Amino acid sequence: MQAFKRFLLRELLFTICVAGIAFLLFGSLLADYYLPIFWIMLGVIALLTGIFHYSLIQIQENQSSRFSQRFMMISGIKMMIYLVFITSYAFMNPEKATSFLISFFILYLLYTVFEVILSVRYLKKKQ
């Protein structure tokens, strides 16, 4: 559980940094592309990243023999949630879909890199 607390602290700091940079960029250079749903999108991605990492830790501690299978299942569920979120917004707001998709992709990429780095560190310590 200590590993998850450390991860949550790092994720909180990372989210604050991303939010600060986004606030500055949307307040100046990218003001025309600002979407109010950006903050919800940031929250959803941060929340799912935390839940996914918690699941990863639980699988590693309890069922390490089935780690790969469970990891792929959880990754698939996460992708489906993201897909539903993206398509729902894009169909309801087609005029803003491009800005939304670019923002989502950037956040997804940032959080995926963050999660992979911390997950690999955690898994290397366990072995």
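Pairs of Cα atoms nearer than 8 Å and 6+ residues apart set the relative contact order; for region 2-126 it is 31 percent.
Which shape class applies to region 85-127: rounded if a/c is under 1.5, otherwise prolate when a/b exceeds b/c and oblate if not, where a ≥ b ≥ c are the square roots of the Cα gyration tensor eigenvalues? Can you show the working numbers first?
Working: a/c = 8.88, a/b = 3.60, b/c = 2.47.
Prolate shape, in that a/c is at least 1.5 and a/b is the bigger ratio.
Take the alpha carbon gyration tensor of the chain, find the square roots of its eigenvalues, order them as a ≥ b ≥ c, and report rounded if a/c is under 1.5; if not, report prolate when a/b exceeds b/c, else oblate. Oblate shape, in that a/c is at least 1.5 and b/c is the bigger or equal ratio. Counting every other Cβ atom within 10 Å of each residue's Cβ, K126, K96 order from fewest to most as K126, K96.
Listed by chain and number, the lysines placed with their C-alpha closer than 28 angstrom to that of K96 are K78; residues fewer than eight positions away on the same chain are left out.
Just so you know, all these numbers are worked out from the coordinates, no wet-lab data involved. Every value quoted in this text rests on a predicted model; they were computed, and no experiment measured them. Ideal geometry is used to build each Cβ from the backbone, glycine not excepted, and the neighbour counts take in all protein chains shown.
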